[in-house]
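First up is the structure itself, then whatever we jot down about it.
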Amino acid sequence: MRVPRPAGSALPFLPMTRAEMDRLGWERPDVLFVSGDAYVDHPSFAMAVLCRVLEAAGFRAAILSQPDWRSAAPFRALGRPRLFSAVSAGNMDSMLNHYTAQKKPRSDDAYSPGGVAGLRRCREAHRGVPVIAGGVEASLRRFAHYDYWSDAVRPSILVSSKADLLVYGMGEAPLVEIARRLDRGATLADLRDLRGVAYLLGAGEELPPLAAALRAAGAPADGTLELPSCEAVRHDPRQFALATRQAHLEMNPLNGRRLVQRQEGRLLVANPPSLPLSEAEMDAVYALPYARRPHPSYTRPIPAAEMMRTSITIQRGCFGGCSFCSLTAHQGRSVQSRSAESVLAEVRALARGPGFAGVVSDLGGPTANMYAMRCARPEVERACRRLSCLHPTPCRLLAADHGPLLALMRAARSEPGVRQVLIASGVRMDLANRSPEYIEELAAHHVGGHLKVAPEHVARGVLDLMRKPRHDEFARFGRRFAAASARAGKEQYLVPYFIAGHPGATLESMIELALFLKRSGFRPRQVQD
């Protein structure tokens, strides 16, 4: 059984070494968290959030960061975990972290000082200990998926990794429940009724009945949908497209069905997504005792840590539903926001902290201006199966009020010790155009010279495929932002993001984009292909 941590022995960081565990009086951890990222104890980094949440639930979580996967020795250094090993590639897909879209090795890594650790090494080091895969890479590769770098459709990452269970989406709730159940003596089979998990059935196993806990009020009566098989999507692009669309249509946790897909003689089962966190639950996650800096063992700076050190997350999730974006498959469409009191408490803590120069570098999330926005009719939201609340036209039930965000921005910049609060997350322009007051406030107080926006393209057909708003929304926002900046006496510019080579783009549409860039005086510095 777990032994409570002795009073007064807490360290500012979760343990990464045997010496740190000894100082805490630990013989072994309950959970060994293996990550492809450097350990930065900051709420913008999933490793820190999940391990802090486990710690708050009473479990001992130790971190194995970027181990040498060529040997099992680093995996044994912290001892045999009592409950399970959790393995994540980190904040980015491991292939994306190592290679550019042109399949060239990247010259830098924002999440390392100055790969993903092998799941099989966990098996070799600790035979019989359950292995749980998670993170954004696992979320995006839980079904048969197209791998750009090998130009092939591959089976679920569960097939290749041999993990016992996969947690997809934001993992706080399922990971804590897994730990609690295993602590009570549950088996891996007992975890199959959890939301937000996927698993492979054995070759001779029957699909279990749908557990009552997985039934959603708005889901069809049968509760289970079979996707085209791995073999089918590998050989038929239309079947691949159908499977992808079906999976996205089941991502509303309030009505999503259990999905199954045949994988090389076995059946993959993906339960409905985890329910969104409430405001109180979000506040609790961000109130945990993060050190807000990299583990002291690192001697060289970690670029992502420097970038995120003074940033504050106010919400997660995005209801934009852009077809090229991973957010729907990982964070989900439900916007989950922290209370203003929670955010301001973090601003005050940041202002009191060492080395704070008076500037909050970002007050945002996946989208800067979706804070506290959601469906105005919860009973409709429970049954809604739209892929986007904004495309092809904004839903009339979307409560897109910038009022709570404006109040938060004003309060944050008024805190003692705070000189400026910047908005570095991307602004959703079609939402911002609904609130001239927001654009005025943004331009006057929250832009450090450049503001990121994402029109993505100008050709109407490509924008429709992307599920992005018409080009005139970008033009309208640009005019209003320029005028608001002039009224504030500031010289400020938009930094627009465009995507080249999106599926469905043609030579004609690319020429249209090139001509627009030339007319507008934009000189592309980087291209995302």
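Is the stretch 144-251 rounded, prolate or oblate when judged by the Cα gyration tensor, a ≥ b ≥ c being the square roots of its eigenvalues, rounded requiring a/c under 1.5 and prolate requiring a/b larger than b/c?
Cα axes put the stretch 144-251 in the prolate bin.
To the nearest 500 deg cm²/dmol, what mean residue ellipticity at 222 nm is calculated for the chain from DSSP H runs of n ≥ 4 alone, each contributing -39,500 (n - 2.57), summed and divided by the residues? Don't skip to the answer; put the middle values down first.
Values: 21 runs with 173 residues, N = 529.
Result for the chain, helices only: -9000 deg cm²/dmol.
Please identify which residues in the stretch 121-146 have an amide N closer than 18 Å to a label point set 7 Å out from the Cα of S71, following the Cα→Cβ vector.
121-126
What ranking do 48-54, 128-134, 388-394 get when scored by the average of other Cβ atoms within 10 Å per residue, highest first?
48-54, 128-134, 388-394
Ranked from highest to lowest mean number of other Cβ atoms within 10 Å per residue, what is the order of the peptides 237-246, 301-310, 164-173?
Details: 237-246: 15.6, 301-310: 18.7, 164-173: 23.7.
Result, highest mean Cβ count within 10 Å first: 164-173, 301-310, 237-246.
DSSP beta bridges in the chain, what fraction antiparallel, as a percent rounded to 5?
The answer is about 40 percent antiparallel.
Set Lys and Arg Cβ to +1 and Asp and Glu Cβ to -1, take the dipole of the chain about its Cα centre, and tell me which of V453, L227, H402 lies farthest positive.
Working it through, the farthest residue towards the positive pole turns out to be V453.
Counting alpha carbon pairs within less than 8 Å and at least 6 residues apart, what relative contact order, in whole percent, applies to the stretch 191-344?
23
What length, rounded to one decimal in nm, is gained on full extension from A357 through to S278, with 0.36 nm per residue of separation minus their alpha-carbon distance?
Stretched fully, the A357-S278 segment lengthens by 25.2 nm.
Rounded, prolate or oblate: pick one for the chain, where a ≥ b ≥ c are the square roots of the eigenvalues of its C-alpha gyration tensor, a/c under 1.5 means rounded, and failing that, prolate if a/b is larger than b/c, else oblate.
Oblate is the answer for the chain, as a/c is 1.5 or above yet b/c matches or exceeds a/b.
If you roll a 1.4 Å probe over the stretch 412-529 with all protein chains in place, what percent of the accessible area is carbon or sulfur? The partial results should precede the final answer.
Numbers: 3390 of 6370 Å².
Solvent-exposed carbon and sulfur of the stretch 412-529 make up 53 percent of the total.
Quick check: Cα centre of the stretch 487-529 to Cα centre of the stretch 30-77, how many Å?
If you average the Cα positions of each part, the centres end up 40 Å apart.
For the stretch 431-529, calculate the relative contact order in percent as a whole number, restricting contacts to Cα pairs under 8 Å that are 6 or more residues apart.
34
Rounded, prolate or oblate: pick one for the stretch 445-515, where a ≥ b ≥ c are the square roots of the eigenvalues of its C-alpha gyration tensor, a/c under 1.5 means rounded, and failing that, prolate if a/b is larger than b/c, else oblate.
Note, shape of the stretch 445-515 comes out prolate.
In what order, largest first, do H445, H402, H248 sit by accessible area if the probe radius is 1.4 Å?
H445, H248, H402
With a 1.4 Å probe and all protein chains left in place, how much accessible area per residue does the chain have, in Å²?
Per residue, the chain has an accessible area of 45 Å².
Using 0.36 nm per residue of separation minus the Cα-Cα distance, give me the extension gain between T299 and D151 in nm, one decimal.
49.5 nm
Under 26 Å between alpha carbons: how many lysine pairs meet that in the chain, if sequence neighbours fewer than 8 apart on the same chain are excluded?
Final tally of qualifying lysine pairs is 5.
Tell me, what ³J(HN,Hα) does each residue in the stretch 491-503 have, in order and in whole Hz, if you take phi through Karplus 6.51 cos²θ - 1.76 cosθ + 1.60 with θ = phi - 60° and put x for Gly and Pro?
9, 9, 9, 8, 10, x, 9, 10, 10, 9, x, 5, x
The values are calculated or read from the model by the stated rules, or taken from the named source; none is laboratory data. On a predicted model such as this, the values are computed, not experimentally measured, just so you know. Positions of Cβ are generated from backbone atoms using ideal geometry, with glycine treated the same way; all protein chains shown enter the neighbour counts. Side chains included, ligands, DNA and RNA excluded: accessible areas come from the protein's heavy atoms. Shrake-Rupley method; radii C 1.70, N 1.55, O 1.52, S 1.80 Å.
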